[in-house]
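First comes the structure, then the notes that go with it.
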Amino acid sequence: MGGAALAVRDLVAGYGPVSALRDVSIDVPDGAVVTVLGGNGAGKSTLLRAISRTLSFHGGAMTGGSVTLDGRPLDGRGADRVVAAGVSQVPEGRQVFARMTVEDNLRAGALGARGPRTAKAAALRRVHELFPVLAERARQQAGLLSGGEQQMLAVGRALMASPRLLLLDEPSLGLAPLMAARIGDTIREINGQGTSVLLVEQNAALALRLATHAYVLEVGEVTLSGPAAELAASDEVRRRYLGVVDETAADDASRATAAHPVLSRWEDSR
Ligand SMILES: Nc1ncnc2c1ncn2[C@@H]1O[C@H](COP(=O)(O)OP(=O)(O)O)[C@@H](O)[C@H]1O
Ligand SMILES: [Mg+2]
């Protein structure tokens with residue numbers, strides 16, 4: 001299946017008179033996990049919506065800059081064409097279809113995908129392997145799943161299009177720590193299968209454990225970026241996003257990312 005490289009350059013976006021992103025540039029190398037950290041209202045969801053071309057569904061627009069996937073422009077296409085190009089988004093707040101069954105939710109995820117039926121069958125097998133509970137609950141209404149299971153379904157639905165780049169909008173939000181950690185493990189597994197990942201999170205400890213490279217977004221601008229291990233070790237990130245009192249989480253994050261084998265590959269490819 002393989003991954004894809006994303007390049008966002010000087011992105012400007014907003015909602016009518018509200019400016020949300022100013023000159024944001026971000027790279028996701030092929031096969032990498034990159035995270036964008038930022039508090040509420042920083043512009044994280046706007047960034048993902050600009051990439052997936054879904055800003056207009058929220059009354060927003062991209063007014064400057066460019067987004068390319070493997071060098072080909074994504075901007076100017078419709079949202080369906082972006083999915084067909086290999087980019088799937090797991091939206092903020094999961095947004096599963098509560099009254100539909102689990103299997104119909106997954107089927108909906110395959111709608112925009114290119115490729116033969118066999119590719120969809122393979123995608124479904126992959127999703128069921130990653131999340132056996134989605135096979136067990138196939139006939140159940142999605143709204144009856146727990147929060148963590150709904151997040152699994154949202155990720156599974158996005159994987160049904162066999163994306164080469166997965167966009168994740170705060171997948172750990174509202175989940176108990178253990179469930180958030182499980183989602184984290186799954187993200188690593190999905191990435192291990194070759195899919196590039198752009199993860200936006202307020203949960204910096206989790207995100208920095210998974211990512212090789214990180215950006216900090218503050219009120220619509222990138223204020224800090226670098227290898228995740230360096231950000232995890234920086235005083236500013238520790239204070240603002242990992243919390244001064246949470247020294248253990250900061251240490252864990254920097255140790256885990258320092259040991260991450262893909263780190264040198266990112267640096268090589270720069
Ligand atoms: N649908 C919308 N209509 C108007 N303004 C919005 C909308 N969505 C987000 N915004 C504004 O855009 C800015 C960035 O928001 P958002 O991208 O949702 O941030 P984050 O995801 O980091 O919390 C905020 O000022 C927010 O109020
Ligand atoms: Mg958001």
Burial-style ranking of 155-166, 121-132, average other-beta-carbon count within 10 Å with highest first, yields 155-166, 121-132
Most fluctuating of Pro227, Pro29, Pro177 in the GNM of the chain (C-alpha, under 10 Å) is Pro177
With Asn105 itself left out, Lys, Arg at +1 and Asp, Glu at -1 over residues whose Cβ is under 12 Å from its Cβ give +3
As a Kirkwood estimate from alpha-carbon pairs, the chain has a hydrodynamic radius in angstrom of 18.6 Å
Diffing the range 159-166: the Karplus 3J(HN,Hα) column from phi (6.51, -1.76, 1.60, θ = phi - 60°), in whole Hz with x for Gly and Pro, holds 6, 5, 8, 6, x, 9, 9, 10
Percent antiparallel among DSSP beta bridges confined to the chain, nearest 5, equals 55 percent
Computed ³J(HN,Hα) along the range 136-145: with the Karplus parameters 6.51/-1.76/1.60, θ = phi - 60°, integer Hz and x for glycine or proline, the list is 4, 9, 3, 8, 7, 5, 4, x, 8, 6
Per the rule of 0.36 nm per residue minus the C-alpha distance, extending Asp75 to Arg114 adds in nm 12.2 nm
Taking the convex hull of the alpha-carbon atoms of the range 20-170 and averaging its shadow over every direction gives an area in square nanometres of 9.3 nm²
Only helices counted: for the chain, with every DSSP H run of 4 or more residues adding -39500 (n - 2.57) and the sum spread over all residues, [θ] at 222 nm is -11000 deg cm²/dmol
Rounded to one decimal in nm, the spacing of the 7 Å Cα→Cβ label points at Asp30 and Glu221 is 3.5 nm
Per the rule of 0.36 nm per residue minus the C-alpha distance, extending Ser66 to Glu136 adds in nm 21.0 nm
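Read-outs: derived from the displayed coordinates by stated rules, not from any lab. On a predicted model such as this, the values are computed, not experimentally measured, just so you know. Cβ coordinates were reconstructed from backbone atoms using ideal geometry, including for glycine residues, and neighbour counts include every protein chain displayed.
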